1. Quick one: what are the phi-derived ³J(HN,Hα) couplings along the range 191-206, Karplus 6.51/-1.76/1.60 with θ = phi - 60°, whole Hz, x for glycine and proline?
2. Taking the C-alpha atoms of the range 448-533, how large are the radius of gyration and the largest Cα-Cα span, Dmax, in Å?
3. Using a 7 Å offset from the Cα along the Cα-to-Cβ direction at both L274 and T261, what is the distance between the two label points in nm, to one decimal?
4. Along Cα→Cβ, 7 Å out, is where each label goes; now give me the distance between the ones at H726 and F119 in nm to one decimal.
5. Over every pair of different alpha-carbon atoms in the range 206-266, take the mean of 1/r and invert it; report that Kirkwood radius in Å.
6. What is the distance, in nm, between label points placed 7 Å from the Cα along the Cα-to-Cβ direction at S617 and at A347?
7. Expected output is a single nm value to one decimal: the length gained when fully extending between T501 and E357, i.e. 0.36 nm times separation in residues minus the C-alpha distance. What is it?
8. Cross-link list K100/K208; K470/K589; K77/K178: which exceed 29 angstrom alpha carbon to alpha carbon?
Amino acid sequence: MNWKLPDGLRLRRAAGDGMQWRHIARLAALWAALVAGVLLLAAAALVTAVWPSAPGLPELRELQSAKPSVLMSADGKVLTSFVRAQQEAVPLARISPHVKQALLATEDQHFYEHHGVDFGRTLVAAFHTLTGNTQGGSTITQQLARNLFPEEIGRSRTLTRKVKELITAMRIERAYGKDQILEYYLNSAPFLYNVVGIEMAARTYFDKSAAELDVLESATLVGMLKGTRYYNPVLNPERALARRNVVLSQLVRQDLLPEATFRQLRERPLGVSLNRQPELLGSAPHFAVQARRWLIAWADEHDYNLYTDGLVIQSTIDSRLQEAALAAVERQAKALQAVADVEWSAAGMRVVSSSPEAYERSRPKVDPFAHFWSKQRDLVAQFVRESPQFKEALKAQGDRKADEAALRALLADTDFMARLKRDKTRLEAGFIALDPRSGEVRAWVGSRDFDTDQYDHVAQAARQPGSTFKPFVYGAALESGLSPDRSYVDAPVEIRLGDGTLWKPTDMTEASNLPMTLRDGLVYSKNTITAQVAQDVGVSRIVALAQAMGVDQSKLDPVPSLALGTSPVTLLEMAAGYATIAQQGQYRKPLSIRRILDRHGKALAEFHGETRRAMSSDTARDLIDMMRGVVNRGTGTLVKSRFGIVSDIAGKTGTTQNNTDGWFILMHPDLVAGAWVGFNDSRVTMRSDHWGQGGHNAILLVGDFFRSMQKGGLVDNKARFPAAAHPPAPPASVSGDHWSLETTLPADPTGATGARTEVIVRQEGGTIVIGDKASVTTSRPAAGRADAPKSAEELDQALHRMGRDGNGVETRWRDEGAASWPQAEPDPTH
């Protein structure tokens with residue numbers, strides 16, 4: 001049965017339904033308006049809260065006026081500018097039009113239409129993001145805001161950050177024109193590897209300027225903007241290629257690239273070759289790096305920005321001395337490299353010549369270091385295992401058995417092995433010159449080439465100084481009251497202790513078994529004499545004096561072998577110590593920065609080096625005179641004979657075990673100059689003893705430099721050191737079978753207190769034995785007396801017995817202080 005409502009009832013019901021839906025619609029509209037109002041109020045509140053903290057016109061003007069700080073030389077030359085990244089701003093006219101087209105087609109198609117924010121695109125991007133398909137809706141202006149204010153805006157995914165970005169973008173649009181914004185953006189965009197801006201990106205990835213970029217190269221670089229690491233063409237070439245083709249397809253969609261051309265181009269390879277741009281640090285790059293580190297700390301402390309405040313930093317470097325130092329290091333290190341290359345090239349190779357020029361002529365005819373590599377196969381394998389490539393190979397394999405496989409693979413890799421051998425056998429050098437009167441650093445060369453080796457061999461590298469440390473030993477002896485003419489015996493020395501430890505310092509030449517003065521022990525760099533002097537003085541006194549004179553950053557092990565330079569130190573410390581001697585015992589802390597000015601020339605800070613009295617003037621004058629003997633008749637004569645130095649100079653050579661390190665430091669009343677020569681890996685050394693000595697290698701760098709100073713009138717050739725407080729005594733006649741030894745040691749002038757230990761010195765045949773009472777008297781029965789002489793007469797008798805029967809025993813008192821004794825110390829040569 002079909003039942004129907006009456007027509008009247010159906011009409012009334014339909015009308016009721018319509019009214020119900022209209023009511024629901026009104027309620028929905030009301031709630032929507034309410035929600036919209038709340039959201040609008042919330043948005044307004046958020047904008048109000050964020051508005052003051054968002055970067056505005058003052059910050060934009062400050063950015064526009066940002067200027068890197070400049071490091072100046074003492075003679076007014078620009079050494080370098082301090083910039084945060086490798087960046088070179090170029091005008092839009094010097095940027096390829098392909099870059100501009102690719103950028104607008106991909107990143108912001110409505111760039112010339114909006115006022116900083118594309119609200120339609122923002123809403124679409126937000127909708128896609130909410131549905132799980134994350135998209136970016138930022139305009140070029142918004143991206144510029146992030147680039148310009150990375151700290152103020154940041155990149156976190158928060159509503160506050162986004163509002164800041166929107167506000168800043170609109171402020172940028174009001175302040176600048178569209179082409180200016182585009183130019184700023186392209187010059188501020190990051191491209192990884194510390195590269196900022198399209199110009200440096202073009203040079204880094206394609207070795208050309210931004211103006212020369214073609215459409216493919218432009219698409220590759222623009223494609224990186226979405227993720228500089230993720231789409232990096234060097235790190236991730238497949239992703240970069242796909243992203244590049246996306247950019248090309250956007251050009252097609254904008255009718256900027258024909259479809260047929262696109263099909264051809266998309267198959268092309270990336271064509272990228274990484275060309276890391278050198279850091280532009282000027283003629284003193286290692287110095288600039290050290291200065292920058294200190295200046296950043298100073299600027300932070302005083303509320304300045306080194307990279308944007310345009311500070312003018314006046315350094316102590318003299319550009320003329322710096323250029324001379326660079327030339328000397330380049331010229332002489334190249335010659336010494338030829339010496340090493342030739343001497344290690346063949347098994348039977350001996351010293352070819354005492355002149356490095358002969359080796360430079362032979363260098364093209366030999367296979368450098370061929371003999372070294374053939375004889376050192378185990379060392380080669382060790383070098384490979386220590387390489388980052390080997391560690392990466394093991395990490396990738398994750399298998400212990402992969403060790404030998406990785407080793408074999410790398411040994412068979414011709415390119416890798418060539419690089420490894422070249423790096424290991426590259427001779428390195430460090431050089432510094434400073435003014436002893438003020439402590440100001442005048443020249444600083446940290447390596448042969450900064451681009452090849454950024455490691456600083458002036459202030460970073462700590463190496464054994466060898467005999468260049470001996471002036472501190474002899475200075476301590478003079479300070480203790482010992483005379484420069486005090487006699488010792490040039491005989492083999494053994495230092496024995498009660499625990500059985502034995503140390504035998506030796507020299508490159510055999511002992512003469514004849515008396516030698518303390519003065520000549522330094523002049524001829526005799527280890528046997530120096531060891532005896534050190535025992536007379538006490539190691540603790542030597543450490544204290546060296547530290548007072550400027551060797552105060554490196555740890556000095558208080559052991560007997562310290563006297564021969566076994567504790568690693570830096571060239572900067574050693575030069576500071578020698579400057580103290582040259583300044584008659586007055587230490588002046590090395591000074592690198594004179595003053596700091598703001599961009600308007602107002603002085604912000606001035607600096608003066610710390611100073612203190614480290615040794616007496618009389619001691620320094622005597623020590624200078626002894627070290628003058630080094631260059632006149634000792635181990636450093638080459639500096640005068642080869643380079644024609646006529647000034648009043650003094651200095652000291654140094655060489656360490658197995659010819660590992662070569663040193664020479666020269667003193668002049670106006671200038672102290674020092675050099676170190678060696679290999680970064682101490683397992684690689686100079687081959688011959690002749691060329692391994694500091695008096696034949698490092699001395700070349702210093703001599704070359706000082707000759708330039710002399711010729712250029714940059715030092716006063718008439719300047720003279722003060723006369724010695726105790727001039728050399730006339731030579732005495734020597735009896736071949738009698739040793740004349742002084743044994744008394746004056747009271748400790750420093751007033752140090754501590755346990756006093758008997759130190760016995762006895763002649764055993766032709767050997768001088770030094771040690772504590774127990775070890776020496778038990779090592780061999782002593783015919784003489786073992787207690788200390790009480791008078792001059794008793795002393796004379798003890799000395800006479802030591803000289804005649806060879807079994808005399810001498811007792812000396814040594815102040816233990818903080819000194820300790822060695823455990824199987826190495827045996828360095830002078």
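The values are calculated or read from the model by the stated rules, or taken from the named source; none is laboratory data. Quick caveat: nothing in here was measured; it's all calculated off a predicted structure. With ideal geometry, Cβ positions are generated from the backbone for all residues, glycine too; neighbour counts draw on all protein chains shown. Surface areas here come from the heavy atoms of the whole protein model, side chains and all, with no ligands, DNA or RNA. Shrake-Rupley method; radii C 1.70, N 1.55, O 1.52, S 1.80 Å.
1. Along the range 191-206, the couplings run 9, 6, 6, 6, 9, 10, x, 5, 5, 5, 5, 4, 5, 6, 9, 10 Hz.
2. 17.1, 53
3. The modelled label-to-label distance comes out at 3.2 nm.
4. Each label point lies 7 Å from its Cα, and together they span 9.4 nm.
5. 11.8 Å
6. Reported label-point gap for S617 and A347 is 6.4 nm.
7. So the extension gain works out to 47.3 nm.
8. In this structure, K77/K178 lie more than 29 Å apart at Cα.
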